[in-house]
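Input: a single structure, listed below in structure tokens.
The values are calculated or read from the model by the stated rules, or taken from the named source; none is laboratory data. Small disclaimer: the values here were computed from a predicted structure and weren't measured. Here the Cβ positions follow ideal geometry from the backbone for every residue, glycine too, while neighbour counts run over all protein chains shown. Each accessible area value is taken on the protein alone, full model and side chains, heavy atoms only, with ligands, DNA and RNA left out. Shrake-Rupley method; radii C 1.70, N 1.55, O 1.52, S 1.80 Å.
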Amino acid sequence: MSNTSTVRAEKGTMKTIDLASETVTDLNHALHEQANEMTIEEWEVLNPKGHHNLAVGVDQKLKIDIHGHAGYYCAGMNKEAEITIHGNVGQGVAENMMSGKVHVKGDASSAAAATAHGGLLVIEGNAGSRCGISMKGANIVVKGSVGHMSCFMGQAGALVVCGDAGDALGDSLYETHIYVKGSVKSLGADCIEKEMRQEHLDELTSLLDQAGFDDDPKAFTRYGSARQLYNFKVDNAGAY
Amino acid sequence: MCGIVGLYLKNPAMEDKLGELFAPMLIAMTDRGPDSAGFAVYGDAVDDGVKLTLRHEDESFDWAALAKSVETDLSTKVDWFQNSKVAVFKVDLDAEIVEKYLEENHAEVLIMSSGKSIEILKEVGLPERIVDMFKLDQMKGSHIIGHTRMATESAVTMAGSHPFSTGLDLCLVHNGSLSNHNRLRMELERDGIKFDTENDSEVAAGYLTHRLQQGDSLNQALEHALKDLDGFFTFTIGTKDGFAVVRDPIACKPAVIAETDDYVAMASEYQALTTLPGIENAKVWEPEPSTIYVWERDK
């Protein structure tokens, strides 16, 4: 739908939604109304106070600033919008994101960008466990560290961690590229350290650049799938 | 799903407002647990003897008569007050003596908690109703933990509500579900631990009681719990001097902690912390899996 939308919004038009007086449903309805025709480009959300489901299902090139801490599933299913959270977020930020950018100024709880197909998630603080679980093409850049089981069953896209990674990184990994600058507590099943070739340095450089972080790409280690769990091996039949 | 909240005041000047600060935290977790709610408040400690929280189903139960018979039969003095269906008895004797007397002579009265400062209050119903029923917002004290329940493993009853007493001045609230509670209950019953319900969280409480009876410190008991309890849990454990938080190794059940110079607060979700003073500038983080956090004031 959004590809065919007409952009009518005048530059500088901005709407403020204060959740001290309006509901989360009011906010999401107002944002969804922009899907077919954008009349207001910039949005500001005040007093989020940990509410869940803020700015979910947005389908338009909106710029949304959430001032404060958000609850679960913030910016979930995002398409095209650039959503910045000036605080922490709960579980499942940008879950199933399709495109656009979600930027968390604070920390993120578990399952950040779970199953996300596209777009960029930037976390300036730390992310909890299962960051990028089953990610399907999105890119995630975390300035801090990520918790255990991050990138579990990651299928496509890239996870960049400027800090450390917790236990079982990349367990049952498919083709997500993982780059970690700090230490990795342990690797999950079928996840191995891999050679950093020029194409990977280029990808990493570009992602750090998009996130606005100045970490040296050469300081990172790449991890990927050993591709040993892709197919059923008849030798393992006895184990079932 | 259930909700957990806890508030520990570092600043004694705020103790008069403990209930007022805590009531909105408990109510904020209604979405996570609308079935029943309860809390354990620590304050108004007795120097000698024991403080018991007692409950009788009948709100017009004659507590004065019970106090009188305790005084006569045990040759002691009882200082008491009533709050809805419960009464707090302060008795100048050892906990064991008073508990044994009540169990043998007044079995219709339930002992909700015993210790120097703990009071456990819980009922079936919306958290807001429980707050009103016990006038929680007027309560004073040093720290408090609470729970809002959405039952998964057993019936919605007062007895199945949290917190569960786990010994003198100790109690437990739980968010999650335990997979091995039936087997564990059988084993604990063999060791003499008594259970009132089919509730999985009561087994966790009974487990801690057992470990502490075996001479474990609270930390050691929780270390053992991490090994022996199979399932999902975030526990908050109230102690005489503070509270502890521990999450299982997978850490599926949420928990968030906020700390300022004045307090440490924990909740299942950040929403429950938003009414606290200075929360905007508090240090906010999620407790790590398999890690025991303890906040206690100097004894």
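Would you mind stating whether B:Ile237 is open to solvent by 10 Å² or more (accessible area, probe 1.4 Å) and among the β-branched types (Val, Ile, Thr)?
Judged against the criteria, B:Ile237 is not a match.
Given (1) in contact with an Asp or Glu (Cβ under 9 Å, 6 or more places away or on another chain); (2) at pLDDT below 95, identify the lone condition not met by A:Gly224.
(2) is the only condition that A:Gly224 fails.
Among B:Ser69, B:Ser154, B:Ser75, which is the only one that is among the hydroxyl-bearing types (Ser, Thr, Tyr), without any contact (Cβ under 8 Å) to a residue 60 or more places away in the chain and on the phi > 0 side of the Ramachandran plot?
B:Ser75
What single numbered condition from (1) closer than 25 Å to B:Val41 by Cα; (2) open to solvent by 70 Å² or more (accessible area, probe 1.4 Å) fails to hold for B:Pro163?
Only one criterion is unmet by B:Pro163, namely (2).
Determine whether A:Ser150 is open to solvent by less than 70 Å² (accessible area, probe 1.4 Å), part of a loop (DSSP other than H, G, I, E, B) and within 24 Å of B:Ala255 (Cα to Cα).
Judged against the criteria, A:Ser150 is a match.
Considering region B:272-284 alone, what residues qualify as being open to solvent by 20 Å² or more (accessible area, probe 1.4 Å), touching a residue at least 60 places away in the same chain (Cβ under 8 Å) and at the interface with chain A (Cβ under 8 Å from one of its Cβ atoms)?
Matches in region B:272-284: B:Thr274 only.
More than 14 Å from chain A (Cβ to nearest Cβ) and open to solvent by less than 10 Å² (accessible area, probe 1.4 Å), is that true of B:Gly242?
Criteria met by B:Gly242.
Taking region A:38-54 on its own, how many of its residues are more than 14 Å from chain B (Cβ to nearest Cβ) and open to solvent by less than 60 Å² (accessible area, probe 1.4 Å)?
6
Could you please find all residues in region B:234-254 being more than 18 Å from A:Gly87 (Cβ to Cβ) and assigned to a loop (DSSP other than H, G, I, E, B)?
Listed by number, the residues that qualify are B:Lys240, B:Asp241, B:Asp248, B:Pro249, B:Ile250, B:Ala251, B:Cys252, B:Lys253.
Please verify whether region B:264-271 includes one or more residues that are over 20 Å from A:Asn126 (Cα atoms), within 21 Å of the chain's Cα centre (by Cα) and either away from chain A (no Cβ under 12 Å) or part of a loop (DSSP other than H, G, I, E, B) (or both).
yes
Identify, from the list A:Lys181, A:Lys143, A:Lys194, A:Lys185, the residue that is surrounded by fewer than 24 Cβ atoms within 10 Å (Cβ to Cβ), within 14 Å of chain B (Cβ to nearest Cβ), touching a residue at least 24 places away in the same chain (Cβ under 8 Å) and of a type in the set (D, E, K, R).
Sole residue among the options that is surrounded by fewer than 24 Cβ atoms within 10 Å (Cβ to Cβ), within 14 Å of chain B (Cβ to nearest Cβ), touching a residue at least 24 places away in the same chain (Cβ under 8 Å) and of a type in the set (D, E, K, R): A:Lys185.
Under the condition of being more than 14 Å from chain A (Cβ to nearest Cβ) and crowded, with 22+ Cβ neighbours inside 10 Å, which residue from region B:245-263 is nearest to B:Thr291 (Cα to Cα)?
B:Val246
Within region A:147-167, how many residues turn out to be within 14 Å of chain B (Cβ to nearest Cβ) and within 16 Å of A:Gln228 (Cα to Cα)?
1
Of all residues in region B:103-123 being surrounded by 19 or more Cβ atoms within 10 Å (Cβ to Cβ) and of a type in the set (A, V, I, L, M), which is farthest from B:Val5 (Cα to Cα)?
B:Val109
For region B:13-127, which helices (runs of 4 or more DSSP H) that fit wholly inside it have 1 or more residues that are assigned by TED's automatic domain parsing to the domain that holds B:Gly167?
Because the criterion is at least 1 residues that are assigned by TED's automatic domain parsing to the domain that holds B:Gly167, the helices (runs of 4 or more DSSP H) in region B:13-127 that meet it are B:18-28.
Quick one: would you say B:Gly141 is touching a residue at least 40 places away in the same chain (Cβ under 8 Å), outside any strand (DSSP E or B) and at positive phi?
yes
B:Pro287 - would you say it is open to solvent by less than 10 Å² (accessible area, probe 1.4 Å) and assigned to a loop (DSSP other than H, G, I, E, B)?
For B:Pro287, the condition - open to solvent by less than 10 Å² (accessible area, probe 1.4 Å) and assigned to a loop (DSSP other than H, G, I, E, B) - is met.
Which residue pairs have Cβ atoms closer than 7 Å, lie 6 or more positions apart in sequence or on different chains, and pair a first residue in region B:197-225 that is farther than 20 Å from B:Met112 by Cα with a second residue that is among the acidic types (Asp, Glu) and buried (at least 16 other Cβ atoms within 10 Å of the Cβ)?
B:His224/B:Asp216
Suppose we filter A:Lys61, A:Lys15 for residues that are open to solvent by 70 Å² or more (accessible area, probe 1.4 Å) and under 22 Å from the mean Cα position of the chain (by Cα); which single one remains?
Answer to the selection: A:Lys61.
Evaluate region B:200-212: report whether one residue or more is more than 26 Å from B:Val50 (Cα to Cα) and assigned to a helix (DSSP H, G or I).
Yes, some residue in region B:200-212 is more than 26 Å from B:Val50 (Cα to Cα) and assigned to a helix (DSSP H, G or I).
Write out, first by first residue and then by second, each pair whose Cβ atoms fall under 7 Å of each other, whose residues are 6+ apart or on separate chains, and whose first residue, in region A:115-133, is away from chain B (no Cβ under 14 Å) and over 17 Å from A:His177 (Cβ atoms) while the second is open to solvent by less than 10 Å² (accessible area, probe 1.4 Å) and not in a loop (DSSP other than H, G, I, E, B).
Short answer, once both residue conditions are applied: A:Glu124/A:Val104.
Just to be sure, is A:Ala138 touching an Asp or Glu at 6+ places or on another chain (Cβ under 7 Å) and either in a strand (DSSP E or B) or of a type outside the set (Val, Ile, Thr) (or both)?
no
Could you say whether any residue in region B:87-102 is under 18 Å from the mean Cα position of the chain (by Cα) and open to solvent by 20 Å² or more (accessible area, probe 1.4 Å)?
No.
Sort out which residues of region B:5-21 are within 16 Å of the chain's Cα centre (by Cα), under 18 Å from B:Glu296 (Cα atoms) and not aliphatic (A, V, I, L, M), and write them in order of number.
B:Gly6, B:Tyr8 - these are the residues of region B:5-21 that are within 16 Å of the chain's Cα centre (by Cα), under 18 Å from B:Glu296 (Cα atoms) and not aliphatic (A, V, I, L, M).
Restricting attention to region A:185-205, does a residue exist that is in a strand (DSSP E or B) and either under 21 Å from A:Ala127 (Cα atoms) or polar (S, T, N, Q) (or both)?
Yes, some residue in region A:185-205 is in a strand (DSSP E or B) and either under 21 Å from A:Ala127 (Cα atoms) or polar (S, T, N, Q) (or both).
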